[in-house]
Amino acid sequence: MKIGIIGVGLIGGSIALKLKEKKAADFIYGIDNNTDNLKEALALNIIDEQADFEYGIKNSDLIIIAIPVDAARKILPKVLDIISESQTVMDVGSTKAGIVNSVKNHPNRSRFVAFHPMWGTENHGPKSAIAESFSGKAGVICDRGDSAEDALKLVQNIVENLDMHMIYMNAEAHDLHTAYISHISHITSYALANTVLEKEKEEETIFQLASSGFSSTVRLAKSHPEMWVPIFKQNKENVLDVLNEHISQLKKFKSALEKENYEYLGELIENANKIRGILDK
């Protein structure tokens, strides 16, 4: 099977490495506007050949769109314009409603499968790609009823080769839940990093005193705006909803401290501890 990957960065590169390892891909084309990424992906044996947009798509059995969600939303209709009825297209975007809505009336809509691998890091580029990135993680397929049976089966096979467990949901539900468990985490991390940078002017002090707790909390703040601004933009309403709740929770902690109500502060922390029972299952 020949695969064309549009965007050979962290996610696209990791998928390529894993599919090569599993021998699920015979040949991989890399399609990317960033020539440095293509050169690096070739050098790292992530892709077998770099290709221009039209050639890479026409000569691939499966096309994987692994670029920021705003770009994916624009490019997906153009990909579907080119493919035949025997080809399949999938994306890996962190938001889904905007992407599926961009092609809901496209004549080749059934050849597209909306997919989101629930994994990512603050790193970027082919050099950050890791074959085992997706093992044990959730792979979400959205609106599967809108995809042709053979296209869906192919993507399911890809997900299995990535060693992920599959979850099915509609695009709107996906965007709602990812706002709660992923998108708000990034905003919180960015805000915390900005808070510390604003209040602590001595960089050496930050470096020397940073604990593992602080480092893990602000790790996501290293994530690039090129990826995350489009995600927040496409999922704005859900992100605003959960952000308002987060601000409300912060105000409760602030009020408890201002009023020296340490019993209530303990109750807030105790209630938060319930998350352990969910995450440690």
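Just so you know, all these numbers are worked out from the coordinates, no wet-lab data involved. This structure is a prediction, so every number in the text was calculated from the model and none was measured. Methodologically, a virtual Cβ is constructed for each residue, glycine included, from the backbone with ideal geometry; neighbour enumeration extends over all protein chains shown.
Quick rundown of the values:
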quantity: FRET efficiency, 1/(1 + (r/R0)^6) with R0 41 Å, evaluated for Asn101 and Glu263 via beta carbons; calculated: 0.25
quantity: When region 106-178 is reduced to its Cα atoms, the Kirkwood hydrodynamic radius in Å; calculated: 13.3
quantity: Which label in (i) 0.96; (ii) 1.03; (iii) 1.12 gives the computed Cα Rg over 2.2 N^0.38 Å; calculated: (iii)
quantity: Over the chain, relative contact order from alpha-carbon pairs under 8 Å, at least 6 apart, %; calculated: 17
quantity: Karplus 3J(HN,Hα) series, Hz, for region 95-104 with 6.51 cos²θ - 1.76 cosθ + 1.60 (x for Gly, Pro); calculated: 10, 10, 4, x, 5, 5, 5, 5, 10, 4
quantity: DSSP H segments from the chain that extend 30 Å or more along their own axis, Cα-based, with Kyte-Doolittle mean of -1.0 or above; calculated: 236-258
quantity: Burial order of peptide ranges 84-95, 245-256 (average beta-carbon count within 10 Å, highest first); calculated: 84-95, 245-256
quantity: Nearest-0.05 FRET efficiency for Asn59 and Glu149, computed from C-beta distance (R0 30 Å); calculated: 0.80
